[in-house]
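J.: Structure below; questions to follow.
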Amino acid sequence: MPQRTYLLEIVTPERLVFSGDVTSITAPGELGYFSVWANHAPLLAALRSGVLTFREAQGEEKKLAVGGGFFEVASNHAILLADSAEFPEEIDVEKERENLRLARHQASHSRSEQVDPETARVEAERSAARLKLVEPS
């Protein structure tokens, strides 16, 4: 028996990252990870930086790093409006290591450098999510 599917669209301010039929999604919500399957009740959730996993209708599992945003599902149509979203092959590991180091430094020294600690924290979370995707521990 074929698995039930629904349409998933992942969009950032820069581009359409993915559009296609999926059987499931696991996303990083503000209160923890949650999963969505076909015929899910309507849902609107805030996302935090983390690794999003989805299974395409053909059975292939895909993962990407998302940098916060919103997720909505209704009538077997899910849309993820992400601040950022990258597949593993799009991530520059060395750049993300440096971004993480810099963001952590800025967060801990924000008073002297006039950097918003919340902005630095968010950037650190995004870089950490990207590195988790490509360098799982």
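Where a number appears in this text, it was derived from the coordinates with a stated rule and is not lab data. In this text the structure is predicted, and so the values were computed from the model without any measurement. Here Cβ is always computed from backbone atoms with ideal geometry, including for glycine, and neighbour counts include all displayed protein chains.
J.: Whole Å is fine, so just give me how far the alpha carbon centre of the stretch 65-118 lies from that of the stretch 4-53.
T.: 16
J.: Just to verify a number: FRET efficiency for A74 and E135, C-beta to C-beta distance, R0 = 41 Å, to 0.05? Can you show the working numbers first?
T.: Working: r = 35 Å, r/R0 = 0.86.
Using R0 = 41 Å, I get an efficiency of 0.70.
J.: For the chain, take every pair of Cα atoms, bin their distances at 5 Å starting from 0, and report each bin as a whole percent.
T.: That works out to 2, 11, 19, 21, 18, 13, 8, 5, 3, 1, 0, 0, 0, in percent per bin.
J.: Now a separate question. Efficiency by 1/(1 + (r/R0)^6): what FRET value for E118 and R15, r their Cβ-Cβ distance, R0 = 25 Å, to the nearest 0.05?
T.: The calculated FRET efficiency here is 0.45.
J.: To continue, here is another question. When the Kirkwood hydrodynamic radius is evaluated over all pairs of different C-alpha atoms of the stretch 91-134, what value in angstrom, to one decimal, is obtained? Write out the running numbers ahead of the final one.
T.: Working: mean 1/r = 0.0973 Å⁻¹.
Averaging 1/r across every pair of different Cα atoms and inverting gives 10.3 Å.
J.: Just the number, please: Stokes-Einstein D of the stretch 13-78 in µm²/s, Kirkwood Rh from C-alpha pairs, 10 °C, 1.306 mPa s.
T.: 130
J.: Something else now. So how do L16, L102, L47, L8 line up by other beta-carbon neighbours within 10 Å, fewest first?
T.: Values: L16 9, L102 15, L47 21, L8 25.
Ranking L16, L102, L47, L8 by Cβ neighbours within 10 Å, fewest first, gives L16, L102, L47, L8.
J.: Further question on the same structure: Take the chain, mark every one of the trypsin sites (Lys or Arg not before Pro) that falls in a DSSP loop and has at most 13 other Cβ within 10 Å, then report the longest stretch left between them, sites excluded. List each step's numbers first, then the result.
T.: On the way: sites that count: R4, R15.
It works out to 16-137.
J.: Mind checking the full-extension length gain between D92 and F34? Use 0.36 nm per residue of separation minus the Cα-Cα distance, one decimal, nm. Spell out each step's value before the answer.
T.: Details: separation 58, 0.36 × 58 = 20.88 nm, distance 2.75 nm.
Extra length from D92 to F34 when fully extended: 18.1 nm.
J.: Given Cα pairs under 8 Å that are at least 6 residues apart, what percent is the relative contact order of the chain?
T.: 22 percent.
J.: Sum -39500 (n - 2.57) across every DSSP H segment of at least 4 residues in the chain, then divide by the residue count to get the 222 nm mean residue ellipticity, nearest 500.
T.: Taken over the chain, the calculation gives -8500 deg cm²/dmol.
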